[in-house]
Amino acid sequence: RSNIFQGGPLESRSLMKDSYTSDITQKAIRDPKNWHGRRTDQLGKWHQKNVLNLEMQKSLDDKYG
């Protein structure tokens, strides 16, 4: 018998790790406002402010009743 479905390799290799040295990935600048070429739009900013507002309202209700 032959094993048709042998499964994946035991050791996985990453193209990023093979292509670049380790210091390149450590020096990468991560900008939270511009990630992978996408910027946070107005709706995303509104949702962030809304979550902060809801958390603040909840903490004020817990503190003052």
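Computed values, structure above
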{"item": "Residue in the range 54-64 that is of a type outside the set (A, V, I, L, M) and within 21 Å of the chain's Cα centre (by Cα) present", "result": "no"}
{"item": "Enumerated helices (runs of 4 or more DSSP H) restricted to the chain, each holding at least 2 residues that are open to solvent by 90 Å² or more (accessible area, probe 1.4 Å) and out of contact with any strand residue (DSSP E or B) (no Cβ under 8 Å at 6 or more places or on another chain)", "result": "15-19, 42-64"}
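The values are calculated or read from the model by the stated rules, or taken from the named source; none is laboratory data. Note that the coordinates shown come from a computational prediction; the quantities given were computed from them, not determined experimentally. Glycine also receives a Cβ, built like all others from the backbone with ideal geometry; neighbour counts cover every protein chain displayed. Surface accessibility is based on the protein's heavy atoms, side chains included, excluding ligands, DNA and RNA. Shrake-Rupley method; radii C 1.70, N 1.55, O 1.52, S 1.80 Å.
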